[in-house]
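Accompanying notes for the structure given below.
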Amino acid sequence: MPKVVFISLDGAAHVVDAQVGESVMAVAVRNGIPGIIGECGGNCSCATCHVYVDEEHAAGVGTAGDMEDDLLDLGVADRRDNSRLSCQIRVTDELDGLTVRVPEEQ
Amino acid sequence: MTECGTLIIGASQAGLQIAVSLREAGDTAPITLVGEEAHAPYQRPPLSKAYLLGGTDLEKLWLRTPEFLAQRDISLVTGERIESLALDGAGPSGTAYTVGGRRLGFDRLALTVGARPRRLEAPGADLDGVTYLRTADDAALLRDLQSGAESVVVIGGGFIGLEAAAVARAQGKRVTVVEAADRLIGRAVAPVVSEFYRAAHARRGVEIRTDARVTWLAGHNGHVQAVELSDGTWIPADLVIVGIGVVPRTKLARQLGLECDGGIVVDRCARTSNRHVVAAGDCTVQPHPLTGAGRVRIESVQNAVSQAKAAAASLAGLREPNDAVPWFWSDQYELKLQIAGLSIGHDHHVVRGDLGGESFSVLYYRQDRLIAVDAVNAPGDYMAVRKALTQGATIAAAAAADPSVPLRELIVPQAVSA
């Protein structure tokens with residue numbers, strides 16, 4: 001079972017088990033990772049699951065689609081090159097150990 | 001005296017959020033979350049979408065893991081329905097009883113009891129194969145029945161009905177949607193959007209009948225076989241899905257003498273007519289979140305969450321009114337509808353984009369003030385309006401009609417009226 005690492009604002013690392021095929025947002029919300037809200041349940045509608053993907057995994061998770069790109073542009077406070085909506089990142093075995101940082105605000 | 005803590009009746013989106021928000025606010029008193037369904041709290045929206053189509057386990061829809069709830073000392077009671085309750089005097093403490101006679105004392109009470117599907121009143125409505133869609137069990141049953149069905153009749157052309165129709169059509173079923181009003185989703189969107197959805201479903205092979213009333217359902221050996229309309233039309237059906245709206249559950253609120261008016265009446269801080277008792281979600285009617293006027297009932301995840309946060313604050317003795325911009329979504333086929341704001345009471349609308357190309361938005365105005373957007377496959381427009389509404393800004397109607405200019409570049413501060 002792949003693991004995802006969430007780094008919260010205070011620098012604490014939360015390591016949680018994830019199932020292949022589910023979204024990184026779903027993993028975060030179910031486990032109550034602070035700072036990831038995912039209000040729309042993964043429908044790319046709310047932009048409240050913004051994360052920064054660690055460089056090491058940037059290529060592995062790919063880039064944002066058009067819809068996500070629009071939401072990131074307008075919906076998040078501090079967009080950076082490694083910004084993604086975590087509902088649009090699917091967990092795979094290859095992404096085991098994926099590390100993402102939670103932004104200051106959603 | 002033993003501390004009973006907070007009792008939250010209704011273990012879905014709003015109830016769970018109150019529990020989580022209370023803990024986030026530092027509340028350490030016991031929290032008991034009681035739900036009548038056998039399942040841990042889960043997301044409802046996918047029930048009429050991905051879950052219905054199959055391939056999703058209910059566990060993946062859990063709002064929080066049981067471990068998370070246990071870690072935060074949130075005690076979850078599933079499969080128990082509260083039958084009666086009473087306050088000690090004017091409250092806030094009191095006692096609730098389950099159907100099975102179990103007694104649950106409380107120091108504070110939150111009602112997040114939701115709504116039940118409105119039942120179809122027609123002869124034959126109790127036949128096997130006539131289904132509703134509200135709970136995970138409903139969806140699981142429907143999923144089973146659908147796999148063997150050939151002809152599906154959906155009664156009700158609102159969001160649930162149209163989403164279910166889209167799923168059935170994607171599975172290759174013959175699908176007819178029967179709507180009593182003269183257009184689809186009439187309560188939520190402008191006629192131009194209704195017409196778009198009628199055409200979009202028709203293009204994909206769904207038969208849409210508006211202005212149509214069901215007179216009775218015919219059966220064979222106790223199973224539905226056909227639906228007859230008032231104009232005499234006879235539609236063969238081995239599965240009927242009824243989606244004709246919901247009725248807020250107000251029985252417990254009325255036992256407490258709380259004011260109800262098409263839902264439990266709450267203020268912007270989710271307090272009922274008894275200030276000690278809070279309520280949130282589909283069971284409530286509230287002042288318009290953006291204008292503070294009137295009473296609106298908003299059936300959405302966003303509203304359940306926003307109101308629940310306001311309710312938790314009220315329970316914690318804080319004041320955090322629900323003034324969030326309402327938003328909503330609906331997925332049908334590859335059409336993603338995103339709504340921000342509330343379009344009720346609009347006097348003008350602007351269509352932007354390409355209806356035929358299935359990518360457009362409709363901006364709604366009241367007295368020249370931007371109040372809402374319906375965006376189909378146009379997330380940039382949705383997000384721009386949502387941002388404008390959140391900031392109390394606007395987008396001029398005349399400028400919005402030109403799709404070559406991104407809406408985000410047109411957001412301007414709200415003109416101060418004279």
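Kindly indicate whether any position in the stretch A:57-69 is at positive phi and away from every other protein chain (no Cβ under 14 Å). Yes - at least one qualifying residue is present in the stretch A:57-69.
Can you pull out the residues in the stretch B:158-172 that are out of contact with any helix residue (DSSP H, G or I) (no Cβ under 7 Å at 6 or more places or on another chain) and open to solvent by 10 Å² or more (accessible area, probe 1.4 Å)? Selection gives B:G158, B:F159, B:R169, B:G172. Here are B:E207, B:E228: which of them is surrounded by fewer than 20 Cβ atoms within 10 Å (Cβ to Cβ) and in contact with a Phe, Trp or Tyr (Cβ under 6 Å, 6 or more places away or on another chain)? Matching residue, one of B:E207, B:E228: B:E228.
The one condition from (1) open to solvent by less than 10 Å² (accessible area, probe 1.4 Å); (2) within 14 Å of chain B (Cβ to nearest Cβ) that A:V53 does not meet is (2). Restricting the first member to the stretch B:393-413 and to residues that are of a type in the set (S, T, N, Q), and the second to residues that are open to solvent by 40 Å² or more (accessible area, probe 1.4 Å), the beta-carbon pairs closer than 7 Å and six or more apart or on different chains are B:T394/B:R369; B:T394/B:V412; B:T394/B:Q414. Go through the stretch B:54-83 and give me each residue that's within 12 Å of another protein chain (Cβ to nearest Cβ) and more than 30 Å from B:A164 (Cβ to Cβ). Across the stretch B:54-83, the qualifying residues are B:E67, B:F68, B:L69, B:A70, B:Q71, B:R72, B:I74. Every condition in (1) without any contact (Cβ under 8 Å) to a residue 40 or more places away in the chain; (2) surrounded by 15 or more Cβ atoms within 10 Å (Cβ to Cβ); (3) closer than 22 Å to B:A70 by Cβ holds for A:D17 except the one numbered (2). Of the residues making up the stretch B:364-386, those that are more than 23 Å from the chain's Cα centre (by Cα) and among the polar types (S, T, N, Q) number 1. Given (1) touching a helix residue (DSSP H, G or I) at 6+ places or on another chain (Cβ under 7 Å); (2) more than 10 Å from chain B (Cβ to nearest Cβ); (3) more than 26 Å from B:Y51 (Cα to Cα), identify the lone condition not met by A:L74. Result: A:L74 fails condition (2) only. Among the residues making up the stretch A:63-82, those that are of a type in the set (G, A, S) and either surrounded by 18 or more Cβ atoms within 10 Å (Cβ to Cβ) or without any contact (Cβ under 8 Å) to a residue 12 or more places away in the chain (or both) are A:A64, A:G75. The number of residues in the stretch B:97-120 that are out of contact with any Lys or Arg (no Cβ under 7 Å at 6 or more places or on another chain) and over 15 Å from B:N274 (Cβ atoms) comes to 10. Where strands (runs of 3 or more DSSP E) sit wholly within the stretch B:284-390, those with at least 2 residues that are open to solvent by less than 20 Å² (accessible area, probe 1.4 Å) and polar (S, T, N, Q) occupy B:327-332. Applying the criterion of being among the small types (G, A, S) and within 26 Å of B:L53 (Cβ to Cβ) to the residues of the stretch B:309-368, the residue that is farthest from the other protein chains (Cβ to nearest Cβ) is B:G357.
One residue stands out in the stretch A:1-14 among those that are assigned to a strand (DSSP E or B) and open to solvent by 30 Å² or more (accessible area, probe 1.4 Å): the one that is farthest from the other protein chains (Cβ to nearest Cβ), namely A:A13.
Results for (1) open to solvent by less than 20 Å² (accessible area, probe 1.4 Å); (2) closer than 18 Å to B:Y97 by Cβ; (3) at pLDDT 95 or above; (4) assigned to a helix (DSSP H, G or I), shown as yes or no for each residue.
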position	(1), (2), (3), (4)
B:T2	no, yes, no, no
B:I18	yes, no, yes, yes
B:L22	yes, no, yes, yes
B:T28	no, no, yes, no
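The values are calculated or read from the model by the stated rules, or taken from the named source; none is laboratory data. Keep in mind it's a predicted model, so treat the numbers as computed, not measured. Using ideal geometry, Cβ is built from the backbone for each residue, glycine included, and neighbour counts are taken over all protein chains shown. Heads up: the accessible areas ignore ligands, DNA and RNA and are worked out on the full protein's heavy atoms, side chains in. Shrake-Rupley method; radii C 1.70, N 1.55, O 1.52, S 1.80 Å.
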